[in-house]
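The values are calculated or read from the model by the stated rules, or taken from the named source; none is laboratory data. What you see is a predicted model, and the numbers here were worked out from it, not measured in a lab. Positions of Cβ are generated from backbone atoms using ideal geometry, with glycine treated the same way; all protein chains shown enter the neighbour counts.
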Amino acid sequence: MHVLVHVPGPRRDSSKEWRDKFLARQFAHHQLPSIESLGDFVAQALPEKIRVCSQYLWSWCQLFSPQLQEKLFVVDNAAPCEAFTLNVLSRLVKLPQCGDTACAFHSFWDSMFHDVLDFVLPQASAIRDSGNESPDFLLIFNDVYVFRGEEQAFGVDLGLPGNELTEKLVWNYGNIPYWLGYAASGYRFNLESVEERFRMVLALLNLSLLFPGIAEAPDQDDDVKTIHRPSGGVVRLYPAFVTKYYPVGAILYHLARVYGALLEGDVPNVDHLTKLDFKLNVATFEPCGEIAASPPRDLPTLFAVLKDVLQALVALHRVGWIHRDIRWPNVARSPHASSSRDHLRVEEHSPEMFVDGMLHTTAVDIWAVGYLIDCSDIGWDTDSKRSAFRESLMHQDPEARPSAEQPLRELTEFQQEALPAEADQDQSWLGKRKHS
């Protein structure tokens, strides 16, 4: 008698294969479901179900309903999605109960959102807590915010995060029928329940099929503009903040010192350092004012800009710092890339900046203010006093240049003489935003 024994071969991980097939079911812009059908859409069975071993389904049978399991999974003992199951799904089963603070809720929520979306959409990037002007959570796909969220701790009225979500929205999306986001305060999903966690996974996976269609919609602007520096740095300009990646992480410690001094000295009209990520070598800033690519084209605006710059320099010099790189692309924060090797060009900086061994003082910043005027083709020198003012700022001898307080006083007088109506207005081209 011959006994035939079937010896199963080694399991093959099909996580990537499943993901590729799943993402092949993504919706193009013209295929996006109607807003009325979104509720049913997020709750429907996956078009490509996750392959799992029967032992997992058996161990989970008491944790969430067979109906939900059927929407998510199909049994495949030979080629299950091992990586996805072990690294994402199994962790959701074991998640601890959420605390009652907003921070505890954020951490708990991230375990779901980040793990699921990072796996299924590796080309997307998620940003958490980028600043007060941005949502708590952002998912960026092809430089477009395709998903966003505002979160509060359990028990907080849902109207609060809901209002924050819409207040922070800048519509850049052309003719798409809707944008996707969530407001969370424990209202609909009780994440202490495994059933609810997996119902959230089902909703996230179904929604992820819509993100490319939203990102590729015509007549919309990118939410993110990316600048690659020759040094290897990467600057990303978002509507409400800026992130900068530095190849050398040590510069983050320098940024902490500089912006700490700005904060302590209450320096006005400067951007804010809101976050330092020492693991990723990324700093996050909140810019003040709006991006502009060229100098002002009228005298009232130029007065306002120079006043803002000089006010900042008065406070900056008082706490012992020198800027050394004041020029229009930095004052206006133009998004156009410029090589780091071009930052110190002779025509844009005071002469002593290029004298070897010469000590640089606050006078280099004063010269730069004069250069800002030089670059503004609006007839500054038609007034003899204004012409003498500019020449004093750019005097060849650094010691002959005034401190920032004196030109600020003189500039205020020029403004009052030329524009008495504007002098009473409390406006600022740079926003006059101070650290808070």
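Worth a mention:
- Enumeration of residues in the stretch 14-28 that are of a type in the set (S, T, N, Q) and within 13 Å of F211 (Cα to Cα): Q26
- Residue satisfying condition, being modelled with pLDDT of 70 or more, surrounded by fewer than 18 Cβ atoms within 10 Å (Cβ to Cβ) and under 16 Å from the mean Cα position of the chain (by Cα), within set N163, N142: N142
- Residues in the stretch 241-280 that are part of a loop (DSSP other than H, G, I, E, B), touching a strand residue (DSSP E or B) at 6+ places or on another chain (Cβ under 6 Å) and not aromatic (F, W, Y): D271 only.
- If you check L89, L46 for being of a type outside the set (G, A, S), modelled with pLDDT of 95 or more and under 25 Å from L180 (Cα atoms), only one passes: L46.
- Residue within the stretch 326-336 that is at pLDDT 85 or above and under 20 Å from R409 (Cβ atoms) present: no
- Inspection of the stretch 215-223 identifies at least one residue that is out of contact with any helix residue (DSSP H, G or I) (no Cβ under 7 Å at 6 or more places or on another chain), buried (at least 18 other Cβ atoms within 10 Å of the Cβ), farther than 21 Å from E286 by Cβ and at pLDDT 80 or above.
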